[in-house]
Amino acid sequence: MSAPLIGIVGSAGAYGRWLQQFFRTRMGLDVIGHDPADASSTGESELVRRADVLVFSAPIRHTASLIARYVSLADGSEAGKLWLDVTSIKTVPVEAMLRSRAEVVGLHPMTAPPKAPTLKGRVMVVCDARLERWRPWLDGLLLALEAECVQASPEQHDRVMALVQAMVHATHLAQAGVLNGQAPHVGSLAAVMPFRSASFEMDAAIVARILSLNPAIYEDIQFGNPHAGEVLQALGAQITRMATLVGEGSDAARAAFRDEFLRDNRSAIGEATLAAGNYSYERIGYLLADLAAGQALSVHLPEDRPGSLRALLHVFERHGVSLSSIHSSRTPGGEVHFRIGFDEVDPVALERTVFDIVAQGLGRVLS
């Protein structure tokens, strides 16, 4: 157990590739995998025979049948091993893995494969359905992943995901449909964005995110979750009710709107949760405002060591460039960079600052 061989079913997929990198670089483990898209990958029979920890990272709709296939291939040889899955639905794949003789844990990282080396700052749901001798190793895995882990049963997971994923995705896909329908009157999303509020910008970003990633994932989240249909019907009923009240337009309809959609929901959510959520919104709003400001430099620090940022900021101080904001994020390639904003700046002082950053090898100026 100190150094198990990891096997990944679906090793050529986005998460399969990320998991290979994680296990090799962060945990120092050997990894083999099988994927129909990779002719050089390990055969299924060899994979199930050799792997001590088998991870299923496949499309939701195929995961249960795929697990059943591996149960048949293993034919009892999986006893004493650990099987995991990383799909967005938990009840069906966990039940399928429990038909094996392996120990079984369902995992759901609440993010697409990140550009970061771990899941730090992200949530991961853990469903330990049958776990005994592999528990210490799993604890080490969760520690290495650095995710914020929440325990749940497969049933609880799927019910919550009908809200957290299915409802949220459906809402934004419906918004995309409305935007598309209104385009002849107001123009495309790009034409609407100059009129944006912070709320609209956040929603537009989510719409863009969903439509940019693998459409099969979003389809399977709706059709693969047994609780999604009920939630979507409830969502549709709420929108229909609101549209009816707005259509009536009377004082009585306004009073009903206030009671049903504002007062009752405020009371149900609670003051503490409302305050925390409102503060989160304000923080994101300020971040968006900072990112929209034109006066900024983005710098990648090649040396990840204590004092690197301090040395960089000292250059700005030396040239008299006063900073208004500092944010760290990742480039599309996964590099951490610091976006440094400023309000009023002498162009000559800024040019000298950039020159010194590059000349001293402190960082690479991206923009």
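The values are calculated or read from the model by the stated rules, or taken from the named source; none is laboratory data. Since the model is a prediction, treat every value here as computed from it, not as a measurement. Every residue, glycine among them, receives a Cβ derived from its backbone with ideal geometry; neighbour counts consider all protein chains shown. Remember, those area values only see protein heavy atoms, side chains included, never the ligands or the DNA or RNA. Shrake-Rupley method; radii C 1.70, N 1.55, O 1.52, S 1.80 Å.
Ranked by solvent-accessible area (1.4 Å probe, protein heavy atoms only, all chains present), the residues Leu323, Leu84 order from largest to smallest as Leu323, Leu84. Over the range 148-287, the hull volume per residue, using the convex hull of the C-alpha atoms, is 171 Å³. Per-residue extension of 0.36 nm, minus the Cα-Cα distance of Gln21 and Glu248, leaves a gain of 76.0 nm for this segment. With the Kirkwood sum run over all distinct C-alpha pairs, the range 290-336 has a hydrodynamic radius of 12.2 Å.
Just to check, using Stokes-Einstein with a Kirkwood Rh over alpha carbon pairs, what's the diffusion coefficient of the range 83-167 at 4 °C and 1.567 mPa s in µm²/s?
Working: Rh = 13.2 Å.
D = 98 µm²/s.
Using every pair of separate Cα atoms, the Kirkwood estimate puts the hydrodynamic radius of the range 1-160 at 15.4 angstrom.
Computed FRET efficiency, Cβ-Cβ of Asp264 and Leu163, R0 22 Å: what is it to the nearest 0.05? Walk me through the numbers on the way to the answer.
Working: r = 18 Å, r/R0 = 0.81.
FRET efficiency, Asp264 to Leu163: 0.80.
Taking all protein chains together and a 1.4 Å probe, the residues Lys115, Lys120, Lys90 rank Lys120, Lys115, Lys90 from largest to smallest accessible area.
Dividing the mean sequence gap of close Cα pairs (under 8 Å, 6+ apart) by how many residues the chain holds gives a relative contact order of 10 percent. Here the alpha carbons of the range 217-367 define both size measures, Rg and Dmax, at 24.7, 70 Å.
Any idea which of Trp83, Ala293, Ser199 is furthest toward the positive side of the dipole for the chain, if Lys and Arg beta-carbons carry +1 and Asp and Glu beta-carbons -1? Looking along the dipole axis, the top candidate is Trp83. Normalised by the number of residues in the range 56-214, the mean separation of alpha-carbon contacts (under 8 Å, six or more apart) gives a relative contact order of 16 percent. Spin-label model, Arg310 to Glu46: label points 7 Å out along the Cα-to-beta-carbon direction sit 5.2 nm apart.
In the chain, taking the dipole from charged Cβ atoms about the Cα centre, the farthest positive-side position among Phe261, Trp137, Ala276 is held by Trp137.
For the range 13-107, compute Rg over Rh where Rg is the Cα radius of gyration and Rh is the Kirkwood radius from the inverse mean 1/r over Cα pairs.
Numbers: Rg = 12.5 Å, Rh = 13.5 Å.
Taking Rg over the Kirkwood Rh, I get 0.93.
Note on the range 10-89 and the range 242-291: Cα centroid distance 44 Å, given to the nearest whole angstrom.
Nothing charged except the Cβ atoms of Lys and Arg (+1) and of Asp and Glu (-1): what's the magnitude of the dipole of the range 1-54 about its Cα centre? Round to the nearest 20 debye.
Working: 5 positive and 6 negative charges, 40 e Å.
That gives a dipole near 200 debye.
Estimate the FRET efficiency between Thr273 and His62 by the formula 1/(1 + (r/R0)^6), using the beta-carbon distance for r and 45 Å for R0, to the nearest 0.05. Provide the component values of the computation, followed by the final result.
Values: r = 38 Å, r/R0 = 0.84.
With R0 = 45 Å, the Cβ-Cβ based efficiency is 0.75.
In the chain, taking the dipole from charged Cβ atoms about the Cα centre, the farthest positive-side position among Val104, Gly121, Ser41 is held by Ser41.
What separates the Cα centres of the range 299-322 and the range 95-156 is a distance of 38 Å. Pair-distance distribution P(r) for the chain, from all Cα-Cα distances in 10 Å bins starting at 0: 4, 17, 25, 22, 19, 11, 2, 0 percent. Ordering Arg50, Arg24, Arg99 by accessible surface, largest first, gives Arg99, Arg24, Arg50; the 1.4 Å probe counts only protein heavy atoms, with every chain in place. Between Ile326 and Lys120, the modelled label-to-label distance comes to 1.6 nm, taking each label 7 Å out from Cα in the direction of the beta carbon.
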